[in-house]
Amino acid sequence: MRTEASTTAAPAAAPRTRRRIGVGVIGFGWLGQAHSRSLQRIGTLFPERGFDAELVICSDPVPARVEDAVGSFGFARGEQDWRRVMDDPAVDVVYIAAPNMVHVEMVEAAAQAGKHVFCEKPVGGTPEQTVRAERAARRAGVTSGVGYNYRWAPLVRYARELIATGELGEITNYRGRFFSMYGSDPLGLLSWRFKLDEGGHGVTSDLLSHSVDLAHMLLGPITRVVGTTATFITERPVALPGAGHYGRGAPGDPTGPVTNEDYAGMLCEFASGARGSFESSRTIIGPESQMAFDVHGTRGAAAWNLEKLNELQLYRLTDDLGSGYTTVFGGDRFPYHGHFVPGSANGIGFEDLVVIEDYEFCRSIAEERPHAPGFAEAVEWVSVQAALLKSVQTGRWEPVVSLRED
Ligand SMILES: NC(=O)c1ccc[n+]([C@@H]2O[C@H](COP(=O)([O-])OP(=O)(O)OC[C@H]3O[C@@H](n4cnc5c(N)ncnc54)[C@H](O)[C@@H]3O)[C@@H](O)[C@H]2O)c1
């Protein structure tokens, strides 16, 4: 089986010189820690890299997190004030993994300081903020990256190749879903994600953004949408600062209001002519982390689901109609997989996708070439989000008007 860039476990030749990339990380929760670990793992997994990432400074308002960053992760120093990251001349790249509504001022400060910037999705909590972030990076001439990590899954890359080469025929239908149970327990804490002023929009920003970004990569732009949103759990136990994504309160704890949406559903049309549907929920019961798609063409179909990251369901139309889906197992014949484990059906995991993402972002910087997905791709998603939110207000189909300025 040939793939776009098959990799094997055979070590590649190391370059004679490597560029040093000093990294500052802002926000040291789930994803701040995941990127910090991942940047350190690149050295042992990608011998052909042309750079060495160095953990210079970490910032988080919670002192215990800063201590952990220095004491356990090996950052040279830590600060509670994120502006110190921008002042540090040893920092070439800023990684932003703080709550969404503070992204844009951090991106603007990083760009002004001439630092390259990787911001976790969705880059700001509103479409306007994402547009501002893209403008700041473009005008400063710095490279941007965004954490749409599912793009890098080896079997998703393979699906993209099957679509791009016409193996599935002309694509007619696409279904994207991101169902997570992280908010399904009413005692789940009122973390920043459930608040408009800290997280920005709710599940559209948090989960649907991933689904639509992936569809953009696989099928191209969306031209019009009609949709609906809902908030099913309207009050939650109040959280202390730094409380985790999956934290839980107790019955009788003080509660506060949820101020953004738990659910979003959307029908759409792609520029290619394909028709699509998307659903996202953070309060659904059953699917625990289904970031998934089904794509159907005139000659075949493919389906992938994060819950089974190392499997792709593939249907190839043959003369014998009704052959059924077959399971393709992940393995080192697919892009990147062999960097982690050799052979076939030896699985990789969620954080390995973050390693690939960080490797490709730092590689773009070291090679001084444009990077995707960057903030321009983040603006493609918020253009769809703006149309969806408008449709929720009007109750009608709405055109997707590109918010890109470049
Ligand atoms: N790509 C993915 O799969 C993925 C998964 C989870 C989260 N994310 C994104 O990563 C970002 C962080 O999410 P998380 O789950 O890691 O959240 P988290 O709550 O686990 O961590 C956020 C951290 O930011 C810190 N923080 C809060 N305000 C800050 C400020 N002003 N300056 C610096 N730090 C601040 C908090 O103390 C906390 O340690 C969000 O944008 C989220 O959308 C992406």
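The values are calculated or read from the model by the stated rules, or taken from the named source; none is laboratory data. Note that the coordinates shown come from a computational prediction; the quantities given were computed from them, not determined experimentally. When we count neighbours, we look across all protein chains shown, and the Cβ atoms used for this are built from the backbone with ideal geometry, even at glycine.
Y182 passes every criterion in (1) surrounded by fewer than 18 Cβ atoms within 10 Å (Cβ to Cβ); (2) more than 11 Å from the ligand (Cβ to nearest atom); (3) aromatic (F, W, Y) apart from (2). Say whether the condition of being surrounded by fewer than 20 Cβ atoms within 10 Å (Cβ to Cβ), closer than 29 Å to I284 by Cβ and not polar (S, T, N, Q) is met by at least one residue in segment 102-124. Taking every residue of segment 102-124 in turn, at least one turns out to be surrounded by fewer than 20 Cβ atoms within 10 Å (Cβ to Cβ), closer than 29 Å to I284 by Cβ and not polar (S, T, N, Q). So which of R65, R37 is within 16 Å of the ligand (Cβ to nearest atom), under 26 Å from E368 (Cα atoms) and either part of a helix (DSSP H, G or I) or in contact with an Asp or Glu (Cβ under 9 Å, 6 or more places away or on another chain) (or both)? The match here is R37. Could you tell me whether any residue of segment 202-211 is within 16 Å of the ligand (Cβ to nearest atom), modelled with pLDDT under 95 and either assigned to a strand (DSSP E or B) or not small (G, A, S) (or both)? No, segment 202-211 has no match at all.
Checking each residue in segment 219-233 for being aliphatic (A, V, I, L, M) and assigned to a strand (DSSP E or B) picks out I222, V225, V226, A230. M291 fulfils the conditions (1) surrounded by 15 or more Cβ atoms within 10 Å (Cβ to Cβ); (2) in contact with a Gly (Cβ under 8 Å, 6 or more places away or on another chain) except for a single criterion, (2).
Cβ-Cβ distances below 6 Å connect the following pairs, each with a first residue in segment 112-127 that is closer than 24 Å to R20 by Cβ, a second residue that is within 8 Å of the ligand (Cβ to nearest atom) and not in a loop (DSSP other than H, G, I, E, B), and a separation of six or more residues or different chains: C119/I96; C119/H103; E120/L31. Meeting the requirement of 2 or more residues that are out of contact with any strand residue (DSSP E or B) (no Cβ under 9 Å at 6 or more places or on another chain), charged (D, E, K, R) and within 27 Å of G200 (Cα to Cα), the helices (runs of 4 or more DSSP H) wholly within segment 69-177 are 103-112, 127-140.
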